[in-house]
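These notes are about the structure you will find just below.
The values are calculated or read from the model by the stated rules, or taken from the named source; none is laboratory data. On a predicted model such as this, the values are computed, not experimentally measured, just so you know. Here the Cβ positions follow ideal geometry from the backbone for every residue, glycine too, while neighbour counts run over all protein chains shown.
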């Protein structure tokens with residue numbers, strides 16, 4: 001039987017974001033989290049990569065997401081729209097303005113090791129006063145968003161939902177977000193995360 005790991009956390013209006021990473025193989029990993037705050041700028045990103053952060057087609061794992069109302073997200077159900085994107089192989093999930101309540105994100109693994117990265121963003125709140133700490137926290141939080149951009153570079157077209165969440169994170173327009181994404185094509189996730197944080201004044 002597969003090993004099952006369960007993790008729980010909650011996000012409210014006092015916390016601007018939460019990021020989780022787990023590396024494993026031949027396991028079912030389940031994250032349960034509650035979103036208590038409301039914000040037009042909120043979003044959820046979940047992305048599966050290799051343990052070293054690479055996005056590959058042969059990754060033997062997939063995402064399963066269940067919303068508070070019981071909705072389950074399947075590939076082919078949603079067009080490339082601004083609210084929601086789920087890649088065909090279920091390696092990348094992007095959702096704008098998630099509803100309040102209890103969410104479940106699971107990763108079903110096979111023989112190959114994988115990394116599950118989740119980023120829940122409510123809106124930027126107060127940042128740590130120390131510049132080094134502020135930069136380090138931001139880069140950690142932005143890592144999943146950066147990994148999503150790396151994964152999106154392998155897709156036939158850039159998901160509108162991903163452009164929208166980058167715009168929210170940067171506090172910028174869709175045009176500025178799309179320009180930024182184009183400028184980081186080919187960069188690794190750590191470099192992209194630092195650039196994201198530099199733009200918003202955290203690094």
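For the reader, a short list of remarks on this structure follows.
- Search result, residues across the range 167-203 that are in contact with a helix residue (DSSP H, G or I) (Cβ under 6 Å, 6 or more places away or on another chain), without any contact (Cβ under 8 Å) to a residue 24 or more places away in the chain and surrounded by 15 or more Cβ atoms within 10 Å (Cβ to Cβ): 167, 177, 178
- The one condition in (1) buried (at least 17 other Cβ atoms within 10 Å of the Cβ); (2) more than 25 Å from residue 191 (Cα to Cα); (3) modelled with pLDDT of 80 or more that residue 44 fails to fulfil: (2)
- For the range 160-199, filtered to residues that are farther than 21 Å from residue 82 by Cβ and part of a loop (DSSP other than H, G, I, E, B), the residue that is modelled with the lowest pLDDT is 186.
Quick grid of which residues meet (1) more than 24 Å from residue 156 (Cα to Cα); (2) outside any strand (DSSP E or B); (3) touching a helix residue (DSSP H, G or I) at 6+ places or on another chain (Cβ under 9 Å); (4) free of Cβ contacts under 8 Å to residues at least 12 places away in the same chain:
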| position | (1), (2), (3), (4) |
| --- | --- |
| 54 | no, yes, yes, no |
| 57 | no, yes, no, no |
| 63 | no, no, no, no |
| 70 | yes, yes, no, yes |
| 75 | no, yes, no, no |
| 104 | yes, no, no, no |
| 107 | no, no, no, no |
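- Filter result for residue 157 (more than 13 Å from the chain's Cα centre (by Cα), modelled with pLDDT under 85 and in a loop (DSSP other than H, G, I, E, B)): no
- Filter pass, residue 107 being surrounded by 21 or more Cβ atoms within 10 Å (Cβ to Cβ) and at pLDDT 85 or above: no
- Yes/no for residue 151 being touching a residue at least 40 places away in the same chain (Cβ under 8 Å), in a helix (DSSP H, G or I), closer than 19 Å to residue 50 by Cα and touching a helix residue (DSSP H, G or I) at 6+ places or on another chain (Cβ under 6 Å): no
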